[in-house]
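Visitor: Provided herewith is a single structure, encoded as structure tokens, for subsequent inquiry.
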Amino acid sequence: MHESLADEPTELGLIERRELGFYDPWRTGPTLAVVGGVHGNEPAGILALRRVLERLHEHRPESFRGRFVGLAGNLAALNHPDRHTRYVEADLNRLCTPGLLASDSEGPDLDEARGLTGALADERDRARGPFVVLDLHTVSSPSPPFIAMSDSLRARAVARHFPLPIFLAFEENLTGLLADYATTELGAVSMIVEGGQHDDPCSVEVLEAVVWTALHAAGILAIGDGPELDTDPREVLARAAGGYARGVFDIRYRCPIGRDGFAIEPGRRAMDKVRRHRTVIARDEAGPIDTPISGRLFMPNRQPARRVGDDGFFIAVEVGRMWLRLSAWLRRRPLVHRAIPALMPGVRRRPGREHDLLVAPEIAAVLRRQIFHLLGYRLIRSTPVEDLSRVRRVWRGVMAVGGAAWRMAAGFFVGGERGALPDERPEDWIVARRTLDIRPENDPG
Ligand SMILES: [Zn+2]
């Protein structure tokens, strides 16, 4: 059914061009750009893209309406003599910030990031309609496949076609993600898809199913109208995702590697339920490492090469259906967004930025990130999760909200106090509405 990557390490071969291929027979419709191999040790995405491109050119489906393009990510790492190089000097998937890309800094991976974001910008410029970007990856420890995406309503509409678990707020925990650049700078609905473990041949199969499903979700090629496949790709995905299919999780905590000797505890697996201060997740030179919040273990780092500062693990919390529906309802209401600074104590509009809010840190500690997520805001600047027991948190909350409400009332009746609040203090949290929520559907940038 599928060839084993382990048996054919040279299958990938030398990749000379970033563009792996495209299919665009009628020059009309949406654009789907899919990137594989952003990490050099993850060939599965590129192999999956080659399969899809081959089948499209072979079968030439009549009803195909749109442009599909496959791109290779980090050519320098993919073509590196050591086939297991994730990157040459720096992780490409942490370099995609407008500042860094435009800077004078140099490096093989940064050059790759410039080439890749440039290729995506070209696709955006030639797009004739909605623009969707997929970034295909694999992970280091056994894990069901999943989607990580920025929680805009437009991304939700695309993601609902995939029977996979969805993780939100990845981009709040990490800077420089390619997918985040595609959304905030290029206006694309973008998703990271992790297809399974690096060398598991099933990962290629899963990622191929992801691409067919994405063509369907983007409105380019309905699954039934494409080349005949052994199994409906959505079935392939549902089977691989098992009980986690369609679950939605919010990433609430990131534990970076702080010291040498970091290792995930034997037996700990992705999606394990972990309890605040009760579950030992990893160890390093200083001893056991646990978590300040309860939830599910996400992306435990079992890469053979780990460096201080890399992600150690994340904790994600499942989000209920009602919460998601309420969130969609609230964020579609302009009145809600206008009312937030007036109704939420300690929250004020960021001067000069229509869609940004400033949140006083003592309030932020209590309201916490999930309230802003609910309302469709993304954390731009925040302080780490505080390690507080429930009782202390409630007490802090009462004091903070009471204090802020008092200041609001004083400002309203007496004047002065509220007006005297400085424009922006370094300790304030900054939250911003999702760019795709405020952009019209067919504006690709
Ligand atoms: Zn990766």
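The values are calculated or read from the model by the stated rules, or taken from the named source; none is laboratory data. Because the structure is predicted, anything quoted here is derived from the model rather than measured. Glycine also receives a Cβ, built like all others from the backbone with ideal geometry; neighbour counts cover every protein chain displayed.
Visitor: Does ARG239 satisfy the criteria of being at pLDDT 95 or above and either not in a strand (DSSP E or B) or not assigned by TED's automatic domain parsing to the domain that holds GLY312 (or both)?
Guide: Yes: the conditions hold for ARG239.
Visitor: Within segment 83-91, is there a residue that is closer than 30 Å to ASP225 by Cα, in the same structural domain as ILE192 (by TED's automatic domain parsing) and of a type outside the set (Gly, Ala, Ser)?
Guide: There is no residue in segment 83-91 that is closer than 30 Å to ASP225 by Cα, in the same structural domain as ILE192 (by TED's automatic domain parsing) and of a type outside the set (Gly, Ala, Ser).
Visitor: Identify the residue in segment 55-82 that is more than 30 Å from PRO25 (Cβ to Cβ) and among the aliphatic types (A, V, I, L, M) and, among all such residues, is nearest to the ligand (Cβ to nearest atom).
Guide: Once the filter is applied, the top-ranked residue is ALA77.
Visitor: What residue, among those in segment 130-144 that are assigned to a strand (DSSP E or B) and farther than 22 Å from ARG433 by Cβ, is modelled with the lowest pLDDT? Let's see the steps before the verdict.
Guide: First, pick out the residues of segment 130-144 that are assigned to a strand (DSSP E or B): 131-139.
Going one step further and asking which of them are farther than 22 Å from ARG433 by Cβ, we end up with 134-139.
On the way: LEU134: 98, ASP135: 98, LEU136: 98, HIS137: 98, THR138: 96, VAL139: 91.
Among them, the one singled out is VAL139.
Visitor: Right, next: Taking ILE192, is it buried (at least 23 other Cβ atoms within 10 Å of the Cβ), in the same structural domain as VAL69 (by TED's automatic domain parsing) and either basic (Lys, Arg) or not in a loop (DSSP other than H, G, I, E, B) (or both)?
Guide: Values: buried (at least 23 other Cβ atoms within 10 Å of the Cβ): yes; in the same structural domain as VAL69 (by TED's automatic domain parsing): yes; either basic (Lys, Arg) or not in a loop (DSSP other than H, G, I, E, B) (or both): yes.
So ILE192 passes the test.
Visitor: In segment 114-123, is there at least one residue being over 24 Å from ARG154 (Cβ atoms) and within 16 Å of the ligand (Cβ to nearest atom)?
Guide: no
Visitor: If you take the residues of segment 336-374 that are at negative phi, of a type in the set (D, E, K, R) and not in a loop (DSSP other than H, G, I, E, B), which of them is nearest to the chain's Cα centre (by Cα)? Let's see the steps before the verdict.
Guide: From segment 336-374, those at negative phi are 336-345, 347-351, 353-367, 369-374; that's our starting set.
Narrowing the set further to residues that are of a type in the set (D, E, K, R) leaves 338, 348-350, 353-354, 356, 362, 369.
From what's left, not in a loop (DSSP other than H, G, I, E, B): 338, 348-349, 356, 362, 369.
Numbers: ARG338: 28, ARG348: 27, ARG349: 26, ASP356: 21, GLU362: 28, ARG369: 16 Å.
Among them, the one singled out is ARG369.
Visitor: I'm told LEU12 meets every condition in (1) part of a loop (DSSP other than H, G, I, E, B); (2) in the same structural domain as VAL211 (by TED's automatic domain parsing) except one. Can you identify the failing condition by its number?
Guide: (2)
Visitor: Could you list, in sequence order, the residues of segment 375-398 that are assigned to a helix (DSSP H, G or I), more than 23 Å from TRP323 (Cα to Cα) and touching a residue at least 12 places away in the same chain (Cβ under 8 Å)?
Guide: ARG396 - this is the single residue of segment 375-398 that is assigned to a helix (DSSP H, G or I), more than 23 Å from TRP323 (Cα to Cα) and touching a residue at least 12 places away in the same chain (Cβ under 8 Å).
Visitor: When the residues of segment 145-168 are filtered to those that are among the aliphatic types (A, V, I, L, M) and over 20 Å from ARG332 (Cβ atoms), which remaining residue is surrounded by the fewest Cβ atoms within 10 Å (Cβ to Cβ)?
Guide: This residue is ILE147.
Visitor: Scan segment 26-42 for residues that are surrounded by 15 or more Cβ atoms within 10 Å (Cβ to Cβ) and away from the ligand (no atom under 16 Å from the Cβ) and jot them down.
Guide: Those that are surrounded by 15 or more Cβ atoms within 10 Å (Cβ to Cβ) and away from the ligand (no atom under 16 Å from the Cβ): GLY29, PRO30, THR31, LEU32, ALA33.
Visitor: For the structure I just gave you, tell me whether ARG276 is in contact (Cβ under 8 Å) with a residue 40 or more places away in the chain and outside the structural domain of GLU171 (by TED's automatic domain parsing).
Guide: no
Visitor: Does LEU207 satisfy the criteria of being assigned by TED's automatic domain parsing to the domain that holds THR97, in contact (Cβ under 8 Å) with a residue 60 or more places away in the chain, farther than 29 Å from LEU297 by Cβ and assigned to a helix (DSSP H, G or I)?
Guide: No: the conditions fail for LEU207.
Visitor: Right, here's the next one. I need a count of the residues in segment 145-163 that are more than 16 Å from the ligand (Cβ to nearest atom) and assigned to a loop (DSSP other than H, G, I, E, B).
Guide: Residues that pass the stated criteria total 7.
Visitor: For segment 83-129, give me each residue that is among the hydroxyl-bearing types (Ser, Thr, Tyr), surrounded by 15 or more Cβ atoms within 10 Å (Cβ to Cβ) and not in a helix (DSSP H, G or I).
Guide: Going through segment 83-129, the residues among the hydroxyl-bearing types (Ser, Thr, Tyr) turn out to be 85, 87, 97, 103, 105, 117.
Remaining after also requiring surrounded by 15 or more Cβ atoms within 10 Å (Cβ to Cβ): 85, 87, 97, 117.
Hits for segment 83-129 are THR85, TYR87, THR97.
Visitor: Tell me yes or no: at least one residue of segment 32-44 is assigned by TED's automatic domain parsing to the domain that holds LEU178 and in a helix (DSSP H, G or I).
Guide: Yes, there is a match, as at least one residue in segment 32-44 is assigned by TED's automatic domain parsing to the domain that holds LEU178 and in a helix (DSSP H, G or I).
Visitor: Within segment 83-97, track down each residue that is within 13 Å of the ligand (Cβ to nearest atom) and over 15 Å from the mean Cα position of the chain (by Cα).
Guide: Result: HIS84, THR85, ARG86, TYR87, ASP91.
Visitor: Between ARG254, ARG283, ARG276, which is charged (D, E, K, R) and under 20 Å from PRO144 (Cα atoms)?
Guide: It is ARG254.
Visitor: Can you run down the residue pairs with Cβ atoms below 9 Å, 6 or more apart or on separate chains, where the first is in segment 422-445 and acidic (Asp, Glu) and modelled with pLDDT of 75 or more and the partner is crowded, with 19+ Cβ neighbours inside 10 Å and in a loop (DSSP other than H, G, I, E, B)?
Guide: From residues that are acidic (Asp, Glu) and modelled with pLDDT of 75 or more, the pairs are ASP423/ARG350; GLU424/ARG350; GLU427/ALA360; ASP428/ARG350; ASP428/ALA360; ASP437/SER152; ASP437/GLY376.
Visitor: Does PRO142 satisfy being closer than 30 Å to ASP272 by Cβ, in the same structural domain as ALA188 (by TED's automatic domain parsing), touching a Gly at 6+ places or on another chain (Cβ under 9 Å) and more than 13 Å from the ligand (Cβ to nearest atom)?
Guide: Criteria met by PRO142.
Visitor: Something else about it: Against the conditions (1) at negative phi; (2) more than 24 Å from the chain's Cα centre (by Cα), where does ILE281 fall short? Just the number, please.
Guide: (2)
Visitor: On the basis of being touching a strand residue (DSSP E or B) at 6+ places or on another chain (Cβ under 7 Å), among the aromatic types (Phe, Trp, Tyr) and over 28 Å from LEU101 (Cα atoms), does PHE162 make the cut?
Guide: Criteria met by PHE162.
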